[in-house]
Amino acid sequence: MHSQQVTFDVIIAGCGPTGAMLAAELRLHDVRVLVLEKETEPSSFVRIVALHMRSLELMAMRGLLDRMLRHGRQRPAGGLFAAIPRPAPRSLDSAYAYLLGIPQPVIERLLEEHAIDLGAQVRRGCAVAGLEQDDEGVTVELADGERLRSRYLVGCDGGRSTVRKLLGVGFPGEPARTETLMGEMEVGVPQEEIAAKVTEIRATQHRFWLRPFGEGAYSVLVPAEGVSDRAEPPTLEDFRRQLRAIAGTDFGVHSPRWLSRFGDATRLAERYRAGRVLLAGDAAHIHPPIGGQGLNLGVQDAVNLGWKLAAQVRGWAPETLLDTYHAERHPVAADVLDNTRAQTELLSAEPGPQAVRRLLTELMDFDEVNRHLIEKITAIGVRYDFGDGPDLLGRRLRDIDVRQGRLYGLLRRGRGLLLDRTGRLTAGGWSDRVDHLADPAAELDVPCVLLRPDGHVAWIGDDQRDLDDHLFRWFGRSATGTRPGGEVVPVSDRWSP
């Protein structure tokens, strides 16, 4: 027995969007959560980030979307792949077929407030400096020498993750080859002059723009001179010099609101779990921001991991459930890294990449190509490998109409859901983990589906015995102690609105 008391079930390093979302997911299951954030104050950079369709669906599932919409700006979901100007294909398979631009500090604040409202503890000014794990838990040492104990630790502490380095988990990939300056500032020339110059330059240089950003400010993107230490923020003079080099004018830029730089380094952690320590978000994967996938990928990691880690803590997780986090999310990140590599090549001004870009632009006039790329970028095309079965198996189910209103409204508690068009099935001894909605009129092309808490379809069919097998696979031994094929003890598990 370890001499130190286990004070928390899970400690999360990092209170960015991934860490805050994970904390909230764990709190839905009464897991004792502490979030450690090394920064003393929230980020002040008013960088606009994009929530894609799959992330909007997750926000709707947890009752957060209305809050996000009040602070964001909707725009069409087209033009995401390598900034190729093509509209989104028609009839996308989502009730949220748009992109939501929202200031990053706002989404971070909303998700942190959500986690705190659910009972998570957040401590700022606390940096992880060391960790030791054993069979019963993890001892976390802070920079000030304080030692904390928890059953699990999750590193959501960014691309330079201390947790990942302390674990010794490899982070293979490519270092940055190019760097881009990005910021918000005011300009000193008329908008018409800027628009004409930007149109001229973007014919060959796609890492360049000056876009109006309200109240006289412009969002400015320009290639940097080389690759430098990203810990050093750029200066306004760096922007002026690069603007003059590429556009022949610095457009009279002045009064910056914030200035930053980003590179195209691309890396993926070799494993997302080492014993009782896990990685999520940028701690597990980094890539260029082209396509705006980074924040979305991290939030989606959190929703995949949250219920599985909670199941482990609560004691009902099937033996291999926690390992499915790596098995499912590592390939998704690998695919994102590949598509950002491809998009980055298409931004090059060299003749070869420009020729490929022109060819792809033609191909995107075919609806199937355009649809495939937008589903890839927005993650609504993700399909986990749950074995043989219909195409819907392993995919997320869209927010369909059901008897109580909308499907996603039934997933707010982070539980599984049996959506039953036959009215003959039961979640039986799993009703403490799985809700049951009997609805003959549900918009489904199949008799019944079992949804995991992340909205992915874990089973399709109409046979009770087969359902029991899959309830056991995903939700462990039933509360009655029956295994698949055993007697199902009747439990009142109908959904009550």
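The values are calculated or read from the model by the stated rules, or taken from the named source; none is laboratory data. The shown structure was predicted, so the numbers you read here are calculated from the model rather than taken from an experiment. Glycine gets a Cβ as well: all are built from the backbone with ideal geometry, and neighbour counts include every protein chain shown. The accessibility values were calculated without ligands, DNA or RNA, using every heavy atom of the protein model including side chains. Shrake-Rupley method; radii C 1.70, N 1.55, O 1.52, S 1.80 Å.
Kindly indicate the residue of segment 333-346 that is open to solvent by 20 Å² or more (accessible area, probe 1.4 Å) and out of contact with any Leu (no Cβ under 7 Å at 6 or more places or on another chain) and also farthest from Leu360 (Cα to Cα) among those meeting that condition.
Checked segment 333-346; the qualifying residue farthest from Leu360 (Cα to Cα) is Asp335.
If Glu200 passes every condition in (1) under 21 Å from Pro351 (Cα atoms); (2) touching a Lys or Arg at 6+ places or on another chain (Cβ under 6 Å); (3) charged (D, E, K, R) but one, which one does it miss?
(2)
Being under 15 Å from Gly173 (Cβ atoms) and crowded, with 24+ Cβ neighbours inside 10 Å is the filter here, so list the residues in segment 273-293 that pass it.
Scanning segment 273-293 gives Leu279, Asp282, Ala283, Ala284, His285, Ile286, His287.
What are the residues in segment 453-482 that are open to solvent by less than 40 Å² (accessible area, probe 1.4 Å), among the hydrophobic types (A, V, I, L, M, F, W, C) and in a helix (DSSP H, G or I), if any?
Leu467, Leu471, Trp474, Phe475
Name the residues in segment 231-255 that are free of Cβ contacts under 8 Å to residues at least 40 places away in the same chain and either assigned to a helix (DSSP H, G or I) or of a type in the set (Lys, Arg) (or both), would you?
The answer is Glu237, Arg240, Arg241, Leu243, Arg244, Ala245.
Name the one entry in Ala60, Ala77, Ala82, Ala88 that is surrounded by fewer than 22 Cβ atoms within 10 Å (Cβ to Cβ) and under 20 Å from Thr378 (Cβ atoms).
Just one listed residue meets the conditions, Ala88.
Sort out for me the strands (runs of 3 or more DSSP E) sitting completely within segment 136-215 that have 3 or more residues that are open to solvent by less than 10 Å² (accessible area, probe 1.4 Å) and in contact with a Phe, Trp or Tyr (Cβ under 8 Å, 6 or more places away or on another chain).
Filter on segment 136-215 gives 179-186.
Just the residues that are assigned to a helix (DSSP H, G or I) and in contact (Cβ under 8 Å) with a residue 24 or more places away in the chain, please, taken from segment 303-323.
Listed by number, the residues that qualify are Val303, Asn304, Leu305, Gly306, Trp307, Leu309, Ala310, Ala311, Gln312, Val313, Arg314, Asp323.
Right, Gly405: under 22 Å from the mean Cα position of the chain (by Cα), surrounded by fewer than 21 Cβ atoms within 10 Å (Cβ to Cβ) and of a type outside the set (S, T, N, Q) or not?
no
Considering only residues that are charged (D, E, K, R) and assigned to a loop (DSSP other than H, G, I, E, B), look in segment 263-302 and name the one that is farthest from Val140 (Cα to Cα).
Asp264
Within the bounds of segment 266-274, is there any residue that is touching a helix residue (DSSP H, G or I) at 6+ places or on another chain (Cβ under 9 Å) and of a type in the set (S, T, N, Q)?
Yes: one or more hits.
Being under 18 Å from the mean Cα position of the chain (by Cα), farther than 14 Å from Leu58 by Cβ and part of a loop (DSSP other than H, G, I, E, B) is the filter here, so list the residues in segment 392-402 that pass it.
Residue satisfying the conditions is Gly394 alone.
If the requirement is being surrounded by 22 or more Cβ atoms within 10 Å (Cβ to Cβ) and either at pLDDT 95 or above or closer than 30 Å to Leu80 by Cα (or both), which of these qualifies: Leu410, Leu393, Leu450, Leu397?
On inspection, the qualifying residue turns out to be Leu450.
Hey, does segment 226-237 have a residue that's surrounded by fewer than 18 Cβ atoms within 10 Å (Cβ to Cβ), under 30 Å from Val138 (Cβ atoms) and not hydroxyl-bearing (Ser, Thr, Tyr)?
yes
Kindly list the number of the only condition in (1) part of a helix (DSSP H, G or I); (2) in contact with a helix residue (DSSP H, G or I) (Cβ under 8 Å, 6 or more places away or on another chain) that fails for Ala334.
(2)
Pick from Leu418, Leu437, Leu425: which is open to solvent by less than 10 Å² (accessible area, probe 1.4 Å), over 29 Å from Pro89 (Cα atoms), modelled with pLDDT of 95 or more and not in a strand (DSSP E or B)?
Testing whether each residue is open to solvent by less than 10 Å² (accessible area, probe 1.4 Å), over 29 Å from Pro89 (Cα atoms), modelled with pLDDT of 95 or more and not in a strand (DSSP E or B) leaves just Leu425.
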